[in-house]
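Okay, so here's the structure we're looking at.
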Amino acid sequence: MRIEHWWFTAPLRLRSMLRRGRLEQELDEELQFHLEHKIEEGIAAGLSPKDARNRAMRAMGGLEQRKEEIRDTRRIHWLTDFLDDVRYALRSLRRTPAFTAFVAITLAVGIGMTSTTFSMVDGLIFRPYPVPHPRGVVSLVSTSHDNAFDAFSYREYLDIRYHTTRYQGVIANAPLAAVGFSADPASTPRVRGGMMVSGNYFQVLGVEPRLGRVFRADEDRVPGRDAVVVLGPEFWKQEFSSDPSVAGKTIRLNGKEFTVIGVAPDTFPGMQIFGHPDFYMPLAMASVFSTNPQKNFFEDRDARDLEVKARLKPDTTLQQARSELAVLAQRFEREYPQLNRNRGAAVHTQFEMQTRNDAGGGPWKFIVIFAILALAVLLVACTNVAGLLLSRARTRTREIAVRLAIGAGRFRLVRLLLTESLILACLGGLGGLAVGYAGISFLSTFRIPSELPVTVPFRMDARVLLACLALSLLSALLCGLAPALQSTRADLLIALKAADVDVPGRKRLWGRNLLVIAQVSTSLMLLTASFLMVRGFNRSLVEGTGFAKDHLLMVRFDPRLVQYNAAQSQQFYKLLAERVRAVSGVQASALTQNPPLGLDNFDGLAFVPGGFQLPRDRENFTSTMDTIDEGYFETMGIAVLRGRAFFASDTALSPRVAVVNEQFAKHYWPGADPIGKHIRLDHRAGTPVEIVGVAQTIKYRSTTERPRDFIYLPLAQHPIPRMVLLLRSYGDPQQLVKSVKDVVRTLDPNLPMLQTRSYEELYRYNAVEGPGVAIELVGTMGAVGLLLAIAGLYGLVAYNVSRRTREIGIRMALGAGPADVLRLVLGKGLALVGMGTVIGLAMGFAVERLLNSMLFNIGGVDVLAYVVVVPSLFVAAMLAAYVPARRASRIAPILALRHD
Amino acid sequence: MFAQPEKFPLLTEGSPRILISDTDMSKPNDLVQGTLDLLLLKILALEPLHGWAITLRLKSVSGDVLQVSEGSLYPALHKLEQEGWITAEWKQTENNRRAKFYSLTRLGKRHLVSEVANWERLSSAISRVIQTSEV
C-alpha cells in the first residue's frame, strides 16, 4: 500500500517542485474556468455582469486564499519557501560583498582548521579497519606490570587460537619489519616492509585476494616448509607493474626464495596506521625473518613478538570474550609460573587500542589537543560572525519590523535569517575544504626519513567531507541562531519608527559583550598554548640531548639480508669496526642497535636488580636498552660518570657486564654505589650481569621526555643482527661515505648499506621538524585566533560607536571634549578586554597544566609566557578598540545630532 | 493520510464543508469531515468531470440538497490529486473550451470502496442511535 501510494504521488511532488510556473498557470486557468461558468450562471439568472462577477467571487471566498490553500496541498511549500529564502539571502549578501567575503573567509579558516585536525583524529583514532565488518575485530593483548599492551609469543598465540570459543578466528602478525627483497638472485637486495601473519589472517579478516590466492590455514603449521608470499597492492603495482601473471613467480626475501601466490586487494592496504606491508609471509617462515636471535620464535613462550587480533562471533559480547581470555591467562600463570607470573590478558576494541595510554599509543593525545584548539578557533570564528550578523540584523531592524507587521510569523523570519547564515556557512565550508585540503597536503609533505616508508594516515576522504559539512551546519546554527532570535524580537512600534533604534535594556547588550569576552579569552588561551609549546620545545632543544650530534655518519647493516647466520654477522661487525677505524678522517667509530632519538623503538630488557626488594606481585622489572660496542660512549660523547665503558675484553666468554644510566642507578640503588652490583636477566634465577659503569642520562626517544632508565649491553655478549655503524668524522661526515663503501665491499660486495646519512639529518627530521610541524600548527591557530578576536573587537566597538553617534553628539554639544568621548567609548572596550583576559588566563593555566602532564616534563607556571602573551593581546585588543573610539571623538556634534 | 475506520473526526473550523441547501445560510449545516472526499470520489467514479461539472452533478444527484462550497471544492480536489486518488487531464469540453478533467485512479477506486464501507457503518450506527431514542 505504502509503496504503491508513493508510486502515484512521487511524480506529482516532483512535478510540483520542478514545474512550478506551469502549475501556477494551470491553477489559474482552472479557477478562471470555474468563475466564468459561475458568472454565466448568474447572468442567466438575471444579474448584471458586475453583480454576477461579485457573486462568483464571493462564492469562491477569496481567490488568492484558495490558491494558497491549494499550494499547501502540494506539500512542498517548505521547499519552495526555502528556495525563496535562498534567493532572497543571496540577493542581500550580494549587496554587501565585503561583509560576505569577510564572514566566508573567517568561517573557512575555522572550518578548514577543524577539518584538518578531524582528518588527523580520524586517521589516528576513529577510522575503522579496512575490512568487512570492522567492528567485530578486537585486539588481544598480554598485560604485565610494565606493559599493559604487551604482545604474545607464538606458543601463547596457538593456545589462545585453539582454546577459545568466542571468536570466529584468532589471527596474529609480527610487527612490520625490514626485509631484504630482490626480484632475482643477481640483484642486490633492497629493503622493503614485510609482515609475517598467521595462515588464517586474510580469511578471518574477510579479505579476498585481488589475484591468485591467500594463505591456506595449513601454511603456518610446519616451520620453514611453505615459502609463499602474498603481495601488498601498492607493492604489486610499483614493483611488478600490476603484472596479472605474478602468481607463481619466485622472489627472494632475506636471500631465501619465496613463491608469490597472490595479491591483496586495493581496499586492504594493511591493518597498520603508519605503514603498509609490501608483502605478507606465513609465521612458519619466522626463522628467515626473526629479529631476536636470543629467543626461539617457535618454542620460547616469552618470545613475545606477535600482535594478536580476533573476530568475535556475532552473538558474543566483549565481556564474554574478556572473561574467557582472563581464565586462559590464569591457566598460563599456573602452568608457566616462571614466565607468566602476574601476567594477564585483555581484549580491546580498536578504539581502545588507538587511544591507549602508553608509548605505543602514538601521538593521539597531541592530535586531540589540536582538535580542541581547532574547535576553539572555530568557536572564535563563529562568535565573530555571530557578532557581525547581529550588527547587520540591527541595520535591518526596520525591514524586519515591517515584515512582522504585515503578518510574517516569527518562525518564518528566523528561518529566513538562518538561511542567510546557512549560505554564509556553506561558502565558509567550501573555503574550509580548500583550507583543510591545503592543511592535509602540508602534513603529507612531511617525510619521515625512515627505512620503510611511513604512510601519513591523514587524507581528505568522504569522512572528512562529511565532517566539513556537519561543521558548516553547526557553525550556521552557532553563529546564526542567536542573532536571528534576537533581531526578530524587536518591539514593533519603536522599530517601525526609526531605522536603527536601541531598545533600552541591558540584556541585549550582554549577548555581544559576552561574544567579545569569549573571543578575547579563547584567543588568549590559544596563544598561551602555542607559546608554551614553542617555549617548552625550544627549552628542551637548548637543554640538549646529552650527546654530540654533529660530525656523525650513520649506516645501518642487516647481514641477514644476505643470509648470514648469527656467528657470521658477529664476525662481520668485528671486522667492520676494525677496518673503519683505520680509515683516514675517522675520529672514532661505534656500533649501536639504535641511535638515540632515532625512528626505531628501543628493545625492552626484563631483569631483577640485585639487592632490591622485589614487590611480592612482581616477577621482574623492564627497562629500555641498547646494544653497543666498546667505542660507543666515546663516539657519541656520552660521559661515563663512574666505573668504566665496555672494553674489547668483554667477550662472549668473559663474565657478563652492563652499563646503566644515572637515572637507573638512582632508581634501583639510591645512595649506593651501583658499580659491582648485579642484575639478573628475565627472572630471579636468570643470568647474572655485573654493572661496570654508570653513563650520563641522555634523551633517548624524544627531546621532551622525562629522564628514563636505560641499560647498555655489549654487542659481544648480546649479539644483534641489525646494527648501526656510527662514525665520528673530523670534517663533513658525508665525505666518509665512499671510504665506508670501500670497506664494506672488501667484506661483502652484496651487503647493502641502509639509511646512510649524517646523524644530524636524522635528528633534525625526527626530533626537530616533526614536533616543529605540530608547534607551527598550534602557533598558526593562536595567530588566527588573535586576528579573529581583534577583528571581532574592532567590529563591536565600531558598531557601538555608530549606534551611539547621536548620544555622542548630544554629549559633545553639551560640552564633552574629545578626550571624554574617547574615554567613554574606550572604557567599555577596556572592561571587556579585561574580563576576557582574566578568563583567558584561567583557561591558559588549565591548558598549561594539561600540556605539562601530556607533553613536557616541566612543572610549575611559565611566567614568561604570560608576561609576553597577555600584554601583547591587550595592546592588540586596545588598538582594535581605539581606532573606532578615536573616530567617535572626532564626530562633529551637528552632524551627529542629525544622524538618524 | 489514511483514515482510521474506527474514528470519524468531527468538522473543525475552516475545513472543507458541504452545505445543505434550503437551510439557514448564515449557519451552514456542516457534514462530517471526509464526506466531501467521499462524495467527490463517488461522483468521479462514474465519469471524469471538471470542477464546475462536479458542483452541478453533486447538486442534481442529491436532488438539490447538497451543495459544495466552491471555496472548498478546489482545495479538496487538489488534495485528492496529491494523495494519488484522482488524476487530472486537460481536455476539451463539449463547448470546445479547455478544462481540467479529474478521474479516479486505481488507488482511488480502492480508497472509495473502503470509504463507502466506513460511511455505511457510520450512518447505520447513527440511525440506530436515533431510532433507539424514539422507541
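Here region A:70-194 is assigned +1 on the Cβ of each Lys and Arg and -1 on the Cβ of each Asp and Glu. Its dipole about the Cα centre then comes out at about 660 debye. Note on chain A: helix-only mean residue ellipticity at 222 nm, from DSSP H runs of 4+ residues weighted -39500 (n - 2.57) and normalised by residue number, equals -17000 deg cm²/dmol. Dipole magnitude for region A:799-840: about 120 debye, using +1 per Lys or Arg Cβ and -1 per Asp or Glu Cβ, origin at the Cα centre. With a simple spin-label model that places each label point 7 Å from the Cα along the Cα-to-Cβ direction, the separation between A:ARG221 and A:LEU514 comes to 7.1 nm.
Considering only protein heavy atoms, with the full assembly of protein chains and a 1.4 angstrom probe, order A:MET285, A:MET525, A:MET843 by accessible area, largest first.
Working: A:MET285 0, A:MET525 20, A:MET843 60 Å².
Heavy-atom accessible area, descending, gives A:MET843, A:MET525, A:MET285.
How far is helix A:506-543 tilted off the main Cα axis of chain A, in degrees rounded to 10, range 0 to 90? The answer is roughly 20 degrees. Label positions at A:ARG334 and B:ARG98, each projected 7 Å from the Cα along the C-beta direction, are separated by 9.2 nm. Karplus-based coupling profile of region A:699-712, in residue order and whole Hz: 8, 9, 10, 8, 6, 9, 6, 7, x, 10, 5, 8, 10, 10, with θ = phi - 60° in 6.51 cos²θ - 1.76 cosθ + 1.60 and x standing for Gly or Pro. Rounded to the nearest 0.05, the FRET efficiency derived from the C-beta distance between A:ARG890 and A:ASP81 at R0 = 41 Å is 0.35.
Convex hull volume of the Cα atoms in region A:43-94, per residue, in Å³? Before the final figure, lay out the partial values.
Working: hull volume 5.3 nm³, N = 52.
Taking only Cα atoms, region A:43-94 has a hull volume of 103 Å³ per residue.
The Rg/Rh ratio of chain A, with both radii computed over alpha carbons and Rh defined as the Kirkwood radius, is 1.10. Helix A:364-395 and the longest principal axis of the Cα set of chain A meet at an angle near 10°. Between the amide H of A:ARG757 and those of A:MET554, distances stay under 5 Å, these residues lying 5 or more places away or on another chain, with hydrogens modeled in the peptide plane.
Just the number please: accessible area per residue for region A:571-675, 1.4 Å probe, all protein chains included, in Å². Walk me through the intermediate numbers first.
On the way: 4630 Å² over 105 residues.
Per-residue value: 44 Å².
Using a 1.4 Å probe on the protein heavy atoms, what percent of the accessible area of region A:225-331 belongs to carbon and sulfur?
Numbers: 2080 of 4260 Å².
The value for region A:225-331 is 49 percent carbon and sulfur by accessible area.
With R₀ set to 60 Å, the beta-carbon distance separating A:GLN734 from A:LEU481 gives a calculated FRET efficiency near 0.45.
Modelled this way, with points 7 Å down the Cα-to-C-beta line, the labels at A:ARG618 and A:PHE411 are 6.7 nm from one another. Using a probe of 1.4 Å, the accessible surface attributed to B:TRP52 totals some 20 Å² when neighbouring protein chains are kept in position.
In region B:82-109, burial by the other protein chains removes 50 Å² or more of 1.4 Å probe accessible surface, compared with the chain on its own, from B:GLN82, B:TRP90, B:ARG97, B:LEU107. Roughly speaking, what is the centre-to-centre gap between region A:792-809 and region A:642-675 when only Cα atoms are used, to the nearest Å? Region A:792-809 and region A:642-675 have Cα centres separated by 74 Å.
Whole-percent P(r), region A:748-862, all Cα pairs, 5 Å bins from 0: 2, 8, 10, 13, 11, 10, 8, 7, 7, 6, 5, 4, 3, 2, 2, 1, 1, 1, 0, 0. Here the gap between A:PHE126 and A:ARG213, fully extended at 0.36 nm per residue and compared with their Cα-Cα distance, gives a gain of 28.3 nm. Charging the Cβ of each Asp and Glu at -1 and of each Lys and Arg at +1, and nothing else, the dipole of chain A about its Cα centre rounds to 3180 debye. Relative to the compact-globule estimate of 2.2 N^0.38 Å, the Cα radius of gyration of region A:657-739 comes out at 1.39. In order along region A:65-70, phi translates into HN-Hα couplings of 4, 4, 4, 4, 4, 5 Hz, rounded to whole numbers, per the Karplus curve 6.51 cos²θ - 1.76 cosθ + 1.60 with θ = phi - 60° and x for Gly and Pro.
To the nearest Å, what is the center-to-center distance of region A:221-237 and region A:26-74, using C-alpha atoms only? So the separation of the two Cα centres works out to 84 Å.
If the chain linking A:ASP243 and A:LEU14 were pulled fully straight, counting 0.36 nm for each residue of separation and taking away their Cα-Cα distance, it would gain 77.5 nm. Once region B:28-135 is represented by equal point scatterers at the alpha-carbon sites, with solvent omitted, what log10 I(q)/I(0) does the Debye formula produce at q = 0.10, 0.19, 0.20 Å⁻¹? Cα-only, vacuum Debye calculation for region B:28-135: -0.33, -1.02, -1.10. Within a Cβ distance under 14 Å of A:PHE572, other residues only, what is the Lys/Arg minus Asp/Glu net charge? Summing Lys/Arg as +1 and Asp/Glu as -1 gives +2.
Once the piece of chain linking A:ALA846 and A:GLU36 is laid out straight, how much longer is it, given 0.36 nm per residue of separation minus the C-alpha distance between them?
Details: separation 810, 0.36 × 810 = 291.60 nm, distance 7.84 nm.
Residue separation times 0.36 nm, minus the Cα-Cα distance, leaves 283.8 nm.
Between rounded, prolate and oblate, where does region A:207-256 land on the alpha carbon gyration tensor, with a ≥ b ≥ c its root eigenvalues, rounded for a/c under 1.5, else prolate if a/b exceeds b/c? Each step should come with its number before you reach the end.
On the way: a/c = 2.40, a/b = 1.42, b/c = 1.69.
Oblate.
Give the residues of region A:675-708 whose amide nitrogen is closer than 13 Å to a point set 7 Å from the Cα of A:LYS365 in the direction of its Cβ. Within reach of a label on A:LYS365: A:704-706. Cβ-Cβ distance of A:ASP682 and A:ALA434, R₀ of 56 Å, FRET efficiency by 1/(1 + (r/R0)^6): the value works out to about 0.50. Comparing the full protein assembly with the isolated chain (1.4 Å probe, heavy atoms, ligands and nucleic acids excluded), the residues of region A:33-51 losing at least 20 square angstrom of accessible area are A:PHE33, A:HIS34, A:GLU36, A:HIS37, A:LYS38, A:GLU41.
Put simply, the amide H of A:VAL228, placed in the peptide plane, has neighbours under 5 Å in A:THR259, leaving out anything fewer than 5 places away on its chain.
Think of it this way: in chain A, A:CYS426, A:CYS468 stand alone, with no other Cys Cβ under 4.7 Å.
Between the amide H of A:LEU591 and those of A:ASP629, A:GLY631, A:TYR632, A:LEU726, distances stay under 5 Å, these residues lying 5 or more places away or on another chain, with hydrogens modeled in the peptide plane. How far is helix A:863-889 tilted off the main Cα axis of chain A, in degrees rounded to 10, range 0 to 90? That helix lies at roughly 20 degrees to the long axis. The phi-based Karplus calculation (6.51 cos²θ - 1.76 cosθ + 1.60; θ = phi - 60°) puts the 3J(HN,Hα) values of region A:635-643 at 5, 7, x, 8, 6, 9, 7, 9, x Hz, whole numbers, x for Gly and Pro.
The values are calculated or read from the model by the stated rules, or taken from the named source; none is laboratory data. Everything quoted here is computed from the prediction, not taken from an experiment. No Cβ is skipped: glycine too gets one built from the backbone with ideal geometry, and neighbour counts run over all protein chains shown. What goes into the accessible areas is simple: the full protein's heavy atoms, side chains included, and nothing from ligands, DNA or RNA. Shrake-Rupley method; radii C 1.70, N 1.55, O 1.52, S 1.80 Å.
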